[in-house]
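Remarks on the structure that follows.
The values are calculated or read from the model by the stated rules, or taken from the named source; none is laboratory data. All values derive from a computational prediction rather than experimental measurement. Ideal geometry is used to build each Cβ from the backbone, glycine not excepted, and the neighbour counts take in all protein chains shown. For accessibility, only protein heavy atoms count, side chains too; no ligands or nucleic acids. Shrake-Rupley method; radii C 1.70, N 1.55, O 1.52, S 1.80 Å.
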Amino acid sequence: MVALQANYLEVELSEPAQAKRLLCTRRTRLAHQGANVHVGDQVWVEAIDWQQCRGVVCNVEPRKSWLERPPVANVTTVVVALALAEPSFDADQASRFLLTAEQTDLDVQVLLTKTDLISADALAERISALRAWDYQPLAVSAKTGEGLDQLMGKLQGSFLSVLCGPSGVGKSSILNRCLPELSLRVGALSSKLQRGRHTTRHVELFALEGGARVADTPGFNRPDLPADPRCLASLFPELRHQLDPYPCRFRNCLHLDEPGCGVERSWPRYAFYRQCLQEMRGLSRPYREG
Ligand code: GDP
Ligand code: ZN
């Protein structure tokens with residue numbers, strides 16, 4: 001299902017026959033079973049009227065993943081867009097977005113934006129800082145088009161991607177360049193429907209060459225820390241990787257000042273990690289460094 005419009009579900013067919021998209025209602029039995037249908041869901045359609053491009057959704061496949069904000073099923077990649085300039089790069093804010101993205105357990109791709117605004121040296125420095133966080137960032141400019149091919153390659157290799165990040169970093173500009181159909185999408189289907197396009201659209205998925213899809217609405221924009229401090233370490237890839245081959249021998253260790261903890265303290269985001277734990281525990285007194 002690629003879009004929700006008023007009470008209709010817009011479904012793109014995996015094997016397009018006489019139409020590519022159908023406007024569907026859903027079997028009431030689905031609602032009775034408590035099965036919600038969301039954008040990104042794989043659905044079965046019956047009672048197809050090819051002339052009117054209508055159908056009825058009769059079944060929903062089990063979801064492989066679920067993103068709450070925005071509500072999209074079966075997302076495989078969360079792209080976190082962060083501006084190199086205007087607004088200037090803010091490491092703590094970047095980390096907060098990354099922590100939120102990591103909580104989805106999905107593939108997280110860092111996307112540095114507005115490369116046209118900084119020097120090649122400054123870009124190289126930023127990229128190496130992010131590599132030290134164990135990310136492999138892509139860098140693009142929606143203005144010059146730099147890096148958009150690599151971004152398209154990444155998106156095409158992932159079943160369904162959503163873009164998130166602070167406002168003003170260029171997410172809409174990037175989507176507009178990657179999805180030309182966005183700006184000219186008043187199709188045959190909407191004229192048949194006569195309504196729906198005028199109601200609030202939530203999320204819509206757009207197909208890329210090769211069958212992969214991208215959500216046209218940016219994802220979550222308000223980063224939250226997880227509720228459980230013990231979950232925090234796993235949201236830092238560089239710490240996760242450190243813990244993977246040489247697990248700390250304490251099960252509930254927060255890797256702060258516990259004697260005997262095997263995790264080293266020299267990683268770049270260690271101070272930020274401590275700061276998050278402190279915030280999560282609502283402590284008024286800062287931890288002693290060391
Ligand atoms: P969003 O809030 O993340 O969707 O950001 P927008 O796409 O609305 O862009 C915010 C502002 O940044 C707009 O004024 C854009 O023209 C500008 N902008 C977007 N991408 C670029 C870029 O690659 N280079 C430059 N110099 N400006 C950009
Ligand atoms: Zn430890």
**Fill in**
With only helices counted (DSSP H, runs n ≥ 4, each -39500 (n - 2.57)), the per-residue ellipticity at 222 nm for the chain, to the nearest 500, works out to -7000 deg cm²/dmol
**Complete:** Diffing segment 251-256: the Karplus 3J(HN,Hα) column from phi (6.51, -1.76, 1.60, θ = phi - 60°), in whole Hz with x for Gly and Pro, holds 5, 9, 5, 9, 6, 9
**Complete:** Karplus-derived 3J(HN,Hα) from phi for segment 114-119 (6.51 cos²θ - 1.76 cosθ + 1.60, θ = phi - 60°), whole Hz, x at Gly and Pro, runs 6, 4, 5, 8, 10, 6
**Prompt:** Counting only residues 5 or more places away or on other chains, whose amide H sits under 5 Å from the amide H of Tyr135 once H atoms are built in the peptide plane?
**Reply:** none
**Prompt:** To the nearest 0.05, what FRET efficiency results for Ser14 and Glu46 with a Förster distance of 22 Å applied to their C-beta separation?
**Reply:** 0.90
**Request:** Would you grab the residues whose amide H sits under 5 Å from the one on Ser65? Only those 5+ places off in sequence or on another chain, please, with H modelled 1.01 Å from N.
**Result:** Asn74, Val75
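What does the charge count near Ser158 come to, summing +1 for each Lys or Arg and -1 for each Asp or Glu among other residues with Cβ under 10 Å from its Cβ? Working shown, then result.
Numbers: positive: Lys154, Arg213; negative: Asp107.
For residues surrounding Ser158, the net value is +1.
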**Request:** Could you state the orientation-averaged shadow area of the convex hull built on the Cα atoms of segment 1-110, in nm² to one decimal?
**Result:** 9.1 nm²
**Message:** Cut-off 10 angstrom, C-alpha nodes, Gaussian network model of the chain. Which of Pro166, Pro226, Pro137 fluctuates the most?
**Reply:** Pro226
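Counting only protein heavy atoms and using a 1.4 Å probe, what share of the accessible area of the chain belongs to carbon plus sulfur, as a whole percent? Mind showing how you got there, number by number?
On the way: 7430 of 15220 Å².
The nonpolar share, carbon plus sulfur, comes to 49 percent.
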**Request:** Compute the distance in nm between two label points, each set 7 Å from the Cα along the Cα-to-Cβ direction, one at Arg265 and one at Ala122.
**Result:** 3.4 nm
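Take each of the peptides 254-265, 89-100, average the number of other beta-carbon atoms within 10 Å over its residues, and list them starting from the highest. Display every interim value, and only then the final one.
Numbers: 254-265: 14.0, 89-100: 18.8.
Result, highest mean Cβ count within 10 Å first: 89-100, 254-265.
Dividing the alpha-carbon Rg of the chain by 2.2 N^0.38 Å yields what? Intermediate results must be reported in sequence, preceding the final value.
Numbers: Rg = 21.9 Å, N = 290, 2.2 N^0.38 = 19.0 Å.
That works out to 1.16 for the chain.
In nm, what is the difference between 0.36 nm times the number of residues separating Asn59 and Gln278 and their Cα-Cα distance? Intermediate values should be presented prior to the final figure.
Working: separation 219, 0.36 × 219 = 78.84 nm, distance 4.60 nm.
Here the segment from Asn59 to Gln278 would lengthen by 74.2 nm.
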**Request:** Considering only Thr217, Thr77, Thr28, give the residue with the highest GNM mean-square fluctuation for the chain, with springs between Cα atoms whenever their separation is below 10 Å.
**Result:** Thr28
**Request:** Compare Glu15, Glu238, Glu204 in a GNM of the chain, Cα atoms joined below 10 Å, and give the one with the largest fluctuation.
**Result:** Glu15
